[in-house]
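I have placed the structure first, in the form of structure tokens, so that the comments after it can refer back to it.
The values are calculated or read from the model by the stated rules, or taken from the named source; none is laboratory data. From a predicted model like this one, the values you see are computed outputs, not experimental measurements. Using ideal geometry, Cβ is built from the backbone for each residue, glycine included, and neighbour counts are taken over all protein chains shown.
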């Protein structure tokens, strides 16, 4: 039995996240069915590195799949890209150790939230970036972003139903950057793992800091108390990308 480690990218606008669901189209379902067609077998179960919510995109998403077929890795890449819809692409494929699991072997993940900060919305970036027409105070956001780095209890930056899914809301964030380029603001967050909507709430909090609705002291209080009221809004999924997965 071979264990393939596969990296894909996808535009998540038309999907209800990665993980297979009943009565909703997901990336996992499409990829599994495509593998079945390519290898002429029953669709196998693939194991993804992350769930990703409805509408969220991925620049480099990893999954592993166990197959008995002897198709070469390059043949797998070419064959999959011939059959897959245009909003999903296989980037690479390689042989992995038998015990490799795309989710449990992850050492870190990096997310990017992309904001269109131009006065007029960009119709060609629809569902690919969050449009915020008011000028963002980048320096204020950069100062506030530093507070998230380190090991903290991020319970205040997680949707309430997400807290029920995990044993602990403590996570380690390795870096947070806020950069502006040609009217687009990119917020990049790298960490050991992330809670439900954590990146979208952190980004919403940074926007609130720019607007003067939250302060650095509010962020400190949110991290210390877990009180959601001291954090910001949950931004929509449109601008969120799983940027990289580290093993």
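Listed values, structure above:
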quantity: Top-ranked residue in the range 71-89 [being touching a residue at least 60 places away in the same chain (Cβ under 8 Å) and more than 17 Å from the chain's Cα centre (by Cα); ranked as farthest from residue 35 (Cα to Cα)]; calculated: 73
quantity: Which listed residue, of 55, 17, 48, is surrounded by 20 or more Cβ atoms within 10 Å (Cβ to Cβ) and more than 25 Å from residue 98 (Cβ to Cβ); calculated: 17
quantity: Of all residues in the range 205-216 being in contact with a helix residue (DSSP H, G or I) (Cβ under 9 Å, 6 or more places away or on another chain) and part of a helix (DSSP H, G or I), the one that is nearest to residue 132 (Cα to Cα); calculated: 207
quantity: Residue list for the range 76-103, filter: under 30 Å from residue 235 (Cα atoms) and not assigned by TED's automatic domain parsing to the domain that holds residue 61; calculated: 102, 103
quantity: Test result for residue 173, in the same structural domain as residue 130 (by TED's automatic domain parsing), farther than 13 Å from residue 113 by Cα, touching a helix residue (DSSP H, G or I) at 6+ places or on another chain (Cβ under 7 Å) and touching a residue at least 24 places away in the same chain (Cβ under 8 Å); calculated: yes
quantity: Those residues of the range 139-161 which are in a helix (DSSP H, G or I) and in contact with a helix residue (DSSP H, G or I) (Cβ under 8 Å, 6 or more places away or on another chain), in sequence order; calculated: 140, 141, 143, 144, 145, 147, 148, 155, 156, 157, 160
quantity: Flag for residue 233 being in contact with a helix residue (DSSP H, G or I) (Cβ under 8 Å, 6 or more places away or on another chain), buried (at least 19 other Cβ atoms within 10 Å of the Cβ) and not assigned by TED's automatic domain parsing to the domain that holds residue 52; calculated: no
quantity: Some residue of the range 25-42 being part of a strand (DSSP E or B) and either closer than 23 Å to residue 197 by Cα or in contact (Cβ under 8 Å) with a residue 24 or more places away in the chain (or both); calculated: no
quantity: Which numbered condition residue 113 fails, given (1) at pLDDT 95 or above; (2) within 22 Å of residue 36 (Cα to Cα); calculated: (2)
quantity: Check on residue 185, part of a strand (DSSP E or B), within 18 Å of residue 117 (Cα to Cα) and within 23 Å of the chain's Cα centre (by Cα); calculated: yes
quantity: Output for the range 138-179, where each listed residue is closer than 16 Å to residue 218 by Cβ and buried (at least 17 other Cβ atoms within 10 Å of the Cβ); calculated: 140, 141, 144, 145, 147, 148, 152, 154, 155, 156, 157
